[in-house]
1. How many of the residues in the range 350-378 are within 23 Å of the chain's Cα centre (by Cα), assigned to a helix (DSSP H, G or I) and in contact (Cβ under 8 Å) with a residue 24 or more places away in the chain?
2. Output the residue which, of all residues in the range 208-229 that are in a helix (DSSP H, G or I) and open to solvent by less than 50 Å² (accessible area, probe 1.4 Å), is nearest to ASP145 (Cα to Cα).
3. Out of the residues in the range 102-119 meeting the condition of being open to solvent by 20 Å² or more (accessible area, probe 1.4 Å) and hydrophobic (A, V, I, L, M, F, W, C), tell me which one is nearest to the chain's Cα centre (by Cα).
4. For LYS366, are the conditions met, namely being open to solvent by less than 60 Å² (accessible area, probe 1.4 Å), in contact with a Lys or Arg (Cβ under 8 Å, 6 or more places away or on another chain) and not hydrophobic (A, V, I, L, M, F, W, C)?
5. Which residues, counting only those in the range 53-85, are within 21 Å of the chain's Cα centre (by Cα) and over 24 Å from PRO324 (Cβ atoms)?
6. Being aromatic (Phe, Trp, Tyr), free of Cβ contacts under 8 Å to residues at least 24 places away in the same chain and either part of a helix (DSSP H, G or I) or open to solvent by 50 Å² or more (accessible area, probe 1.4 Å) (or both) narrows it down to one of PHE275, PHE323, PHE305, so name that one.
7. Is one or more of the residues making up the range 151-168 over 19 Å from the mean Cα position of the chain (by Cα), surrounded by fewer than 20 Cβ atoms within 10 Å (Cβ to Cβ) and not in a loop (DSSP other than H, G, I, E, B)?
8. From the list ASN385, ASN421, pick out the single residue that is in a loop (DSSP other than H, G, I, E, B), open to solvent by 40 Å² or more (accessible area, probe 1.4 Å) and closer than 23 Å to MET317 by Cα.
Amino acid sequence: MKKFIIKTLGCKTNQVESALIAEILTNNGYEEIKDIKLADYYILNSCSVTHIADNKNLSYIKRAKKENENIKIVLTGCMAQLEKEELLKNELIDYVVGNYEKNDIAQIINNNEKLNVSDIFSHDYFRYEKLHHTQRTRASVKIQDGCNNRCTYCTIPFARGKNRSNSIENVIEQINIFVEEGYDETVLTGIHIGQWGEDFKEKKSLKDLLEAIEKTNIKRYRLGSLNPLELTKDFIDFLAKSEKFCPHFHLSLQSVCDKTLKGMNRNYTSKDIKFLVDYINSKFDKAFIGSDIIVGFPNETKEDFDITLNNLKELEMSKIHVFPYSRRKGTIADKMPNQIDINEKRRRVNIIQEVSDKKLLEFMKKNIGSTNEITIEKQRDRKTNLLKGVTKNYLNVLIDDTDMYKDKLVKIEITGLSNDNEKLIAKIVT
């Protein structure tokens, strides 16, 4: 029996797809193992959102070959889609498989197809395969793929293709499978989930899908990253009335400076962002609001950065994921003048990170004394060996109790902060 290891980099969508790849390979007579020295195939499901991600992909491949010189390397994911011919020249890589062909890896290996990457824009429909098992506590459901936006810094549409939505029937079927497997929580994921349903002949919206999910037996669900323009008042009002929705928002902001947003082709303003954050906070008690921010975008002056910085300080958010702008070949931004020095980009990252750390600590303290409901994680906390869980509003908590609560939804009272201020301490409410 052929043995394989699969390594996943990047987004939650890749994680779902890796779980499906592993399940399909297993169903085709392959065995998934953990010891790379005993494996026949090393499958790397790559990310290519930045040049750092590309470098990380290649470093994992080199490491795998160093540990097992006879192992066959299968590179799939966004890097494989974008750099297919160039990657096949790399003597360490045996198979290059595109994003649309991921589910065919067993057949591709059996047929010894070295390169199997189709034109991603030639695909008009979502490719659905049922997934029965996942090693994660929260079972993610992929509801769409691709993106119709053309942000000036981003290569993801060229790696993932046009927006393609999974049908309501398929999504409900997948959720019902996870319910039968004992999962209490699901995460709706995709490349641009706010565009779900726009490609249907009879156009639908994400709200239509959520209305169907509300009728299932899943106990709670989360949403992946959303563009600010997709969170309308009507949509937020709907979520606020739900008993199943976890009040956890991740906003794909990228900047809070109007000039920079225009250069990025983001089509909203800092005023729109402020209204959205304020409206979410008015409808939810202690909603977790996270965001993505890119600093050092071409032409972002120190004054532009200060506008974003000051606006972020004023916004009542919980956490900021900050990244230095990464030049990507083939994008409009790559050809823009006034590229920012890497050291200046790092300086700006550190400044925003400090703001984020402060906001997260303040938000955690705000939750002390409140009751919540957590999903117990499968693995204990490494530092303390305590059980750990995630609240509905996306906070990490530790509880000192027995394994009897493992993988269950448990009502807790948050009592304080951990010694390192990274997690909350809670007790179970009986």
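1. Final tally of qualifying residues: 9.
2. LEU209
3. So, considering only residues that are open to solvent by 20 Å² or more (accessible area, probe 1.4 Å) and hydrophobic (A, V, I, L, M, F, W, C), the one nearest to the chain's Cα centre (by Cα) is VAL117.
4. Considered against the rule, which asks whether it is open to solvent by less than 60 Å² (accessible area, probe 1.4 Å), in contact with a Lys or Arg (Cβ under 8 Å, 6 or more places away or on another chain) and not hydrophobic (A, V, I, L, M, F, W, C), LYS366 comes out as no.
5. LEU75, THR76, ALA80
6. Unique residue meeting the criteria: PHE275.
7. Looking for residues that are over 19 Å from the mean Cα position of the chain (by Cα), surrounded by fewer than 20 Cβ atoms within 10 Å (Cβ to Cβ) and not in a loop (DSSP other than H, G, I, E, B), one finds at least one in the range 151-168, hence yes.
8. Sole residue among the options that is in a loop (DSSP other than H, G, I, E, B), open to solvent by 40 Å² or more (accessible area, probe 1.4 Å) and closer than 23 Å to MET317 by Cα: ASN421.
The values are calculated or read from the model by the stated rules, or taken from the named source; none is laboratory data. All figures in this text were calculated on a predicted structure; none of them were measured in a lab. As a convention, Cβ positions derive from the backbone with ideal geometry for all residues, glycine included, and neighbour counts pool all protein chains shown. The accessibility values were calculated without ligands, DNA or RNA, using every heavy atom of the protein model including side chains. Shrake-Rupley method; radii C 1.70, N 1.55, O 1.52, S 1.80 Å.
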